[in-house]
1. Rounded, prolate or oblate, given the Cα gyration tensor of the chain, with a/c below 1.5 counting as rounded?
2. With a 4.7 Å Cβ cut-off, tell me which Cys residues in the chain come up empty for a partner.
3. Please list the radius of gyration and Dmax for region 2-43, considering alpha-carbon atoms only, with Å as the unit.
4. How about region 460-512: which trypsin sites (Lys or Arg not before Pro) there lie in a loop by DSSP and see at most 13 other Cβ atoms within 10 Å?
5. Where q = 0.24, 0.35 Å⁻¹, what log10 of I(q)/I(0) comes from the Debye formula for region 447-486, counting one point per Cα?
6. List the trypsin sites (Lys or Arg not before Pro) within region 213-257 that fall in a DSSP loop (any state other than H, G, I, E or B) and whose Cβ has at most 14 other Cβ atoms within 10 Å.
7. Report relative contact order for region 524-645 in percent, whole number only (criteria: Cα-Cα under 8 Å, sequence separation at least 6).
8. For region 87-191, calculate the relative contact order in percent as a whole number, restricting contacts to Cα pairs under 8 Å that are 6 or more residues apart.
Amino acid sequence: MTDKKVYPVQPDIAKNALVTAEQYEHMYRQSVENPNEFWGEHGKRIDWIKPFTKVKNSTYDYNNLSIKWFEDGVLNASANCLDRHLADRGDQTAIIFEGDDPSVSRNVTYRELHEEVCKFANVLKEQGVKKGDVVTIYMPMIVETAVAMLACARIGAIHSVVFGGFSPEAVAARIVNGKSRFVVTADEGLRGGRAIPLKKNVDAALKHESEANVDCVIVVKRTGNDQVPWTEGRDVCYEDLMAHASAECDPEPMNAEDPLFMLYTSGSTGAPKGVLHTTGGYMVYASMTHQYVFDYHDGDVYWCTADFGWVTGHSYILYGPLANGAITLLFEGVPNYPDSSRMGQVVDKHKVNILYTAPTAIRALMAEGASCMDGTTRDSLRVLGSVGEPINPEAWEWYHRVIGNSKCPIVDTWWQTETGGILIAPLPGAVDLKPGSATRPFFGVQPALVDNEGNLLEGATEGNLVILDSWPGQMRTIFGDHERFIQTYFSTYKGMYFTGDGARRDEDGDYWITGRVDDVLNVSGHRLGTAEVESALVAHDKVAEAAVVGYPHEIKGQGIYVYVTLIQGVEPSDELKKELVQWVRKEIGPIASPDVIQWAPGLPKTRSGKIMRRILRKIAANEHDQLGDTSTLADPSVVDELIGSRASN
Ligand code: 6R9
């Protein structure tokens, strides 16, 4: 069994680690037995304009739900990422920018970043952005994106970053839901040598959505393509505004519970929801987890390959590292451009010590073979991290052996957009590693497993993963829909936060995340609701009904398998399949591209009309012999027909 394989804490790592095994046990116990004392102490790791006197004030009581941390403290997130480092490390690099083109890179110091952020904060004010306003950021992975996020934080505006790979439709929906009147974008993005028409997409989004009420679109020049459309009176040029902006801008004093940002993520039902994070608890938690989980020491070069469009980019490229005065590498490109040695090349070029990436990227490199690391040594690496989906033991071993030269611990970090920071992961100097296991909870985090009725399960077992009490980085609400927040996370199992994931706990008490137990897909580490893809499909005029399930995919982890029932009289064809794939890409974005479409004259439903996805998942995975109980099917012949036609698909 792979379970039995253990990589004990390495003495060389433990020697210099921030936390040893004994310290971990002691600190963990203290953190759950006396959270007020623990977090009262660690809350001081960031700078407060007015120190907090209260620490934890939360209850998961369903009728009385309330989550507050450091509630009377006053601070500013951008001041914590910038101003407080100026005296000691103003001239140290804050951000290493590595361009899509391997010949392009530059270092930005804390002082330079501070100046740019202050200027852009003044630009935002000049354009009418006020404290509490929502600013949509639809950008490539460039320094200006970090500047825009921090400038929002500086003046108390709430940033809502939308992944640059999303379609105009998806951008429009997020602008409307967030009632956002301001957009920051770029003329074009550059990824893998290809231009991404960001500004054109924003225009299409605003045209498409009559409810969008955007006053101002600030456009950064990235490629300088002068064919980019321009709407006078609405569109303004970043470089022009920055040229005359003042570099003096006092950070806005924010209450600990004032919003810092929102970020849309997919759930099992309905449209993506705006996960809202507040300022104090988030900053304490993001910075503390960044330091301890990656065993970050001053001067280490740290590279997280995520995108700012995901929560990992927020907490572990920007806020966590910068609050810690770290050197954070910002990569514009993709791991296989110009070729698959890029990741190793970037590590060597910038002497990266800590690398944090996703299983899907590792599997893609693995498929290339170990030769993709030829010509690189990766000698500088000390700690490796993984995030986004369960890492299969084969990929873990490859990551360890080939990328890390068998000398770097791998921290498999389990967390969610909702959790703000890492909840379960092995601290490199403290916890033995097991390939495929996220192992132990971070300080203050109390994971538990429950059965479907919500009964707590003890010992080595498998169940639904819940968290029993609040931690500082937890989301506070769904933007504009607090009721949905309570329903989504606290109604399934009363008195507990439900993660939507399943997990196993072994004899040692280590956690193994098994994946989502709800209707959320995880495709290459990106969350997608089956409901989202289905509603995109049924919006097509030839589709009567659609059901979407995930199936095991070698590189992506999960692929998207779609069953489509066409409206009467429409003939199925390969052309129509292609058309539907294009349609979904247009509605949501390329990450939602169906991998397989199967025509389904009928879908398996219960007598009450509910689609039996469990059966569809089995058919998609080619496990026809394990359909389980089919006695509640309204029409069992539908299943035989789907199995029969699957072979010919
Ligand atoms: C940070 C992030 C969250 C979902 C989560 C789970 C899956 C993330 C994982 C993992 C197993 C890990 N997930 N990390 N599963 N092991 N180390 O990814 O946030 O985009 O909200 O996704 O991703 O299913 O529930 P988000």
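1. Cα axes put the chain in the rounded bin.
2. Among the cysteines of the chain, those whose Cβ sits 4.7 Å or more from every other are Cys81, Cys152, Cys216, Cys237, Cys304, Cys372, Cys408.
3. Both quantities, over Cα of region 2-43: 13.9, 40 Å.
4. Lys494
5. Listed by q, the Debye log ratios stand at -0.84, -1.09.
6. Loop-located and lightly packed - Arg234.
7. 23
8. 27
Bear in mind that the values in this text are calculations on the coordinates, not laboratory data. Small disclaimer: the values here were computed from a predicted structure and weren't measured. As a convention, Cβ positions derive from the backbone with ideal geometry for all residues, glycine included, and neighbour counts pool all protein chains shown.
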